[in-house]
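Here's the structure we're looking at; comments come further down.
The values are calculated or read from the model by the stated rules, or taken from the named source; none is laboratory data. No experiment lies behind these values; they were computed from the predicted model shown. Please note: Cβ atoms are built from the backbone with ideal geometry, for glycine as well, and neighbour counts cover all protein chains shown. The protein model used for the area step is the full one, side chains on, heavy atoms only, and it has no ligands, DNA or RNA in it. Shrake-Rupley method; radii C 1.70, N 1.55, O 1.52, S 1.80 Å.
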Amino acid sequence: MALSPRYFIPMNESVFDPQAQLGNPDLKIVASLERLSEGFRVLLWDKAKVLGISPIQIQILIFIQFHGDQKCKISYLAQEFCLTKPTVSEAVKSLEQKGFVERRTEVSDSRSHTIHLTESGKAVVAQTANFANPMLDSMVEIPSAEKGVLLEQLLGVVGQLQSAGIISMQRMCFSCRFYQKNGDGHYCQFLNQSLKNRELRLDCGEFEAA
Ligand code: SF4
């Protein structure tokens with residue numbers, strides 16, 4: 001794959017400077033990603049305001065709903081959301097007091113706890129897990145083949161952010177020990193099959209860190 005040209009960006013320039021953005025797609029792409037993150041923040045806050053719980057508490061509830069016990073621990077959640085353990089502990093304590101989660105002691109280690117949704121917690125997830133769905137409307141106009149390319153490129157950006165230590169380990173193909181580059185394509189040694197770019201995974205249950 002041919003590498004795109006790198007545009008020179010002086011250290012004192014900002015990606016948010018409209019003049020600097022002219023003729024520099026790198027800056028415009030990064031600034032666009034920031035706009036997207038703003039969209040997620042607004043949508044999440046809309047749910048949080050209605051329910052009277054914080055955005056991070058909603059994110060923790062949604063994460064617990066879709067991930068197994070080994071990932072539903074304070075230390076894992078802190079890593080997942082790039083927060084300190086005391087911050088996550090406080091958020092979980094608040095969720096416990098509201099009756100949305102409960103802690104269970106692990107059978108194999110009485111000092112270790114996993115966090116589980118209560119029925120009330122599941123009801124909150126049912127109301128909030130779709131918070132990002134309005135974003136899906138913007139996908140309709142993108143041709144199917146281009147979606148695969150876009151996904152591949154975005155996962156590459158996520159991988160670079162992870163390598164730079166800006167975000168935590170992502171359970172995705174490019175960070176996985178089962179992943180192999182296969183010519184211009186991709187191969188999963190766990191599934192024993194080639195992956196089209198649109199089949200690459202961002203949050204895979206079979207992921208193991210490379
Ligand atoms: S196990 Fe999952 S994350 Fe790993 S390469 Fe296969 S599909 Fe990708």
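Centre-to-centre separation between the Cα atoms of the range 173-210 and those of the range 97-112: 33 Å.
Ordered by solvent-accessible area of protein heavy atoms (1.4 Å probe), largest first, the residues Asp137, Asp26 come out as Asp137, Asp26. Ignoring any ligand, DNA or RNA, what whole percent of the accessible area of the chain comes from carbon and sulfur when the probe is 1.4 angstrom? The nonpolar share, carbon plus sulfur, comes to 56 percent. Annotation: per residue accessible area for the range 22-79 equals 55 Å², rounded to a whole number [probe 1.4 Å, protein chains only]. Averaging the sequence gap over all C-alpha pairs within less than 8 Å and six or more residues apart, then dividing by the number of residues, gives the chain a relative contact order of 14 percent. The charge dipole of the range 87-154, taken about its Cα centre with unit charges on the Cβ of Lys, Arg, Asp and Glu (plus for the first two, minus for the last two), comes to roughly 340 debye. With a 1.4 Å probe rolled over the protein heavy atoms of all chains, the accessible area of Val42, Val92, Val15 falls in the order Val42, Val15, Val92, largest first. Hydropathy at least -1.0 by Kyte-Doolittle, axial extent at least 24 angstrom from the Cα trace: which helices of the chain, defined as entire DSSP H runs, fit? Correct list, ordered by number: 25-51, 144-163. Taking Lys and Arg as +1 and Asp and Glu as -1, the other residues whose beta-carbon sits under 14 Å from that of Ile115 total +2. As a ratio to 2.2 N^0.38 Å, the alpha-carbon radius of gyration for the chain is 1.18. Across the protein chains, with a 1.4 Å probe defining accessible surface, the residues Ser89, Ser110 rank Ser110, Ser89 from largest area downward.
Extents of the range 114-160, taken as max minus min of Cα coordinates on every principal axis and listed largest first, are 41, 27, 12 Å. Extending 7 Å from Cα along the Cβ direction at Asp46 and again at Asn12 yields two label points whose distance is 4.2 nm.
Using all pairs of distinct alpha-carbon atoms, the Kirkwood hydrodynamic radius of the range 142-210 works out to 12.3 angstrom.
Under conditions of 4 °C and 1.567 mPa s, the range 22-90 yields 93 µm² s⁻¹ as its translational diffusion coefficient, taking Rh as the Kirkwood radius over Cα pairs in the Stokes-Einstein equation. Normalised per residue, the accessible area of the range 105-163 is 63 Å², obtained with a 1.4 Å probe and no contribution from ligands, DNA or RNA.
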